[in-house]
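K.L.:
Below: one structure in structure tokens.
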Amino acid sequence: MLFASRLRVMLSCAAALGPFIAFAQRVPAQQHATFLGMDRNDYPGDANMQLLRKTFAFTGYWLNNPPGASRNTWAGKRASLQAMGFGFLLLFNGREYKELKDSGDAAGVGARDAATAARTATTEGFPKKAIIFLDQEQGGRMLPEQRAYIHAWIDGVTKAGYGAGVYCSGIAFRESSNVSVITANDIRDNAGGRDIHFFVSNDHCGPAPGCVFPGTPPVPAKGGVSFAEAWQYAQSPRRPEMTAACRATYAPDNNCYPPGVTPNSGLHIDVDSANSADPSHGRTQNSK
């Protein structure tokens, strides 16, 4: 009798909750918000940045000379870009292996570069806790000098009150017929407990969609690195060996141009997606 009584109560509750359960089943799961961004080595001018703001939520922002450049044309542009409504992806150009090897003190170089990155971020007006991404252009498994440099840089930036991240490859690099390594995984797996944010590069078409600007940008984790917070999925110029399957999305000169911009403008860009409209949390508190 007690069992029968409990059964009647359970059936009554199920009947009462039925409409609510059916409604819950009809409601789609909340989609993960993603945002479109861009980066390039040369600052294209305020007018062009206002044009780019129509498409992009955030922009890369160099704190030192970008790769291959003799000066940093982004310096002093934070306030005007924030006023335009941009979020930020702060970048610091790191050292390549040969320079670290020749220095004889990769950790010392990393510590000094960290001090420069933090000092420049402060001078530019970026708030403490903003994430600075160390640009590591060389992929594959990190060698001891590279690892010592990265660790010293991350420790120094963190000690100075900023968040530390790394921009690196998210593409599997084949070391042998049986062994492949993804740089982002290698850095994270050997981080020694350090808290590192990741901005990964993977322009290989499939998963990369090519030079496209979807209303819902791809989720960074779809770039092959599950813990990535930002993903660079298109580069200018395109790499033929990586982009054959989506070459039609690029301009005839092999660069990527945003909507409404023609190749003769020279305004080519790299395209990024991120989990935040301000991936580095670089906007100041009084921003609109």
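The values are calculated or read from the model by the stated rules, or taken from the named source; none is laboratory data. None of the values given here were measured: they were computed from a predicted structure. With ideal geometry, Cβ positions are generated from the backbone for all residues, glycine too; neighbour counts draw on all protein chains shown. Ligands, DNA and RNA are excluded from the accessible area calculation, which covers all protein heavy atoms including side chains. Shrake-Rupley method; radii C 1.70, N 1.55, O 1.52, S 1.80 Å.
K.L.:
Once you place label points 7 Å from the Cα toward the Cβ at ARG112 and GLU96, how far apart are they in nm?
P.N.:
Placing both labels 7 Å along Cα→Cβ, they lie 1.9 nm apart.
K.L.:
Cross-link partners among aspartates and glutamates for LYS222, C-alpha distance below 19 Å, same-chain residues fewer than 8 apart left out?
P.N.:
ASP186, ASP203, ASP270, ASP272
K.L.:
Separate question: For the stretch 68-109 and the stretch 195-238, compute the distance between their C-alpha centroids and round to whole Å.
P.N.:
If you average the Cα positions of each part, the centres end up 20 Å apart.
K.L.:
Then there is this: Quick one: putting +1 on the C-beta of Lys and Arg, -1 on the C-beta of Asp and Glu, what dipole do you get for the chain around its Cα centre, in Debye to the nearest 20? Mind dumping the intermediate values first?
P.N.:
Details: 28 positive and 24 negative charges, 208 e Å.
Dipole about the Cα centre, nearest 20: 1000 debye.
K.L.:
Name the long-range amide H neighbours of ASN41: under 5 Å, sequence gap of 5 or more, or other chain; modelled H, no Pro or chain starts.
P.N.:
Amide H to amide H, under 5 Å and 5 or more residues apart or across chains, ASN41 pairs with nothing.
K.L.:
Right, something else. Can you give me the accessible area per residue for the chain, using a 1.4 Å probe, in Å²?
P.N.:
Working: 14450 Å² over 288 residues.
I get 50 Å² per residue for the chain.
K.L.:
Give, rounded to the nearest 20 debye, the magnitude of the charge dipole that the stretch 66-204 has about its Cα centre when Lys and Arg contribute +1 at Cβ and Asp and Glu contribute -1 at Cβ.
P.N.:
Numbers: 16 positive and 15 negative charges, 90 e Å.
I would put it at about 440 debye.
K.L.:
Moving on to the next point. Which value does Rg/Rh take for the stretch 19-168 over its C-alpha atoms, Rh per Kirkwood?
P.N.:
1.11
K.L.:
Taking the Cα centre of the stretch 168-233 as the origin, how large is its charge dipole in debye, to the nearest 20, when only Lys and Arg (+1) and Asp and Glu (-1) carry charge on their Cβ atoms? All intermediate terms of the calculation are to be shown ahead of the outcome.
P.N.:
Working: 4 positive and 6 negative charges, 19 e Å.
Charge dipole of the stretch 168-233: 100 debye, to the nearest 20.
K.L.:
Please compute the contact order of the stretch 53-103 in relative form: average sequence separation of alpha-carbon pairs under 8 Å and at least six residues apart, divided by the residue count, as a percent. Mind showing how you got there, number by number?
P.N.:
Values: 50 pairs, mean separation 24.3, N = 51.
The value is 48 percent.
K.L.:
Among all the aspartates and glutamates, which ones have a C-alpha under 17 Å from LYS159's C-alpha, if same-chain residues fewer than 8 places away are not counted?
P.N.:
Excluding near neighbours in sequence, the set is ASP113, ASP195.
K.L.:
Dimensions of the stretch 186-288 along principal axes (Cα, Å, largest first)?
P.N.:
45, 38, 22
K.L.:
Just checking my list (1) 1.21; (2) 1.52; (3) 1.00 against Cα Rg over 2.2 N^0.38 Å computed from this structure; which label fits?
P.N.:
Evaluating Cα Rg over 2.2 N^0.38 Å on these atoms matches (1).
K.L.:
Another one. Using amide H atoms built in the peptide plane, which far-off residues or other-chain residues are under 5 Å from TYR167 H to H?
P.N.:
So TYR167 has HN proximity to LEU134, ASP135, GLN136, PHE199.
K.L.:
Do the sum for the chain: with -39,500 (n - 2.57) for every DSSP H run of n ≥ 4, divided by all residues, what is the mean residue ellipticity at 222 nm, to the nearest 500 deg cm²/dmol? Mind showing how you got there, number by number?
P.N.:
Values: 8 runs with 92 residues, N = 288.
So the calculated ellipticity at 222 nm is -10000 deg cm²/dmol.
K.L.:
For a quick check, take a GNM of the chain with Cα springs below 10 Å and name the residue from TRP74, TRP62, TRP231 with the largest mean-square fluctuation.
P.N.:
Per the Cα network of the chain with a 10 Å cutoff, TRP74 tops the list.
K.L.:
Further question on the same structure: Assuming a ≥ b ≥ c are the square roots of the Cα gyration tensor eigenvalues, decide whether the stretch 142-199 counts as rounded (a/c under 1.5), prolate (otherwise, with a/b larger than b/c) or oblate. Intermediate results must be reported in sequence, preceding the final value.
P.N.:
Values: a/c = 2.91, a/b = 2.09, b/c = 1.39.
It is prolate, given that a/c is not under 1.5 and a/b is the larger ratio.
K.L.:
Additional query: In whole percent, how big is the carbon plus sulfur part of the accessible area of the stretch 132-172, probe 1.4 Å, protein atoms only? Present the calculation step by step, with values, prior to reporting the outcome.
P.N.:
Values: 730 of 1310 Å².
Its accessible area is 56 percent carbon and sulfur atoms.
K.L.:
Multiply the residue separation of ASP195 and LEU143 by 0.36 nm, subtract the distance between their alpha-carbon atoms, and state the gained length in nm to one decimal. The partial results should precede the final answer.
P.N.:
Details: separation 52, 0.36 × 52 = 18.72 nm, distance 2.01 nm.
Full extension of this stretch gives 16.7 nm more.
K.L.:
Quick one: with all protein chains in place, what share of the accessible area of the stretch 181-229 is carbon or sulfur, to the nearest percent (1.4 Å probe)? The partial results should precede the final answer.
P.N.:
Values: 920 of 1990 Å².
Taking all protein chains in place, the stretch 181-229 shows 46 percent carbon and sulfur surface.
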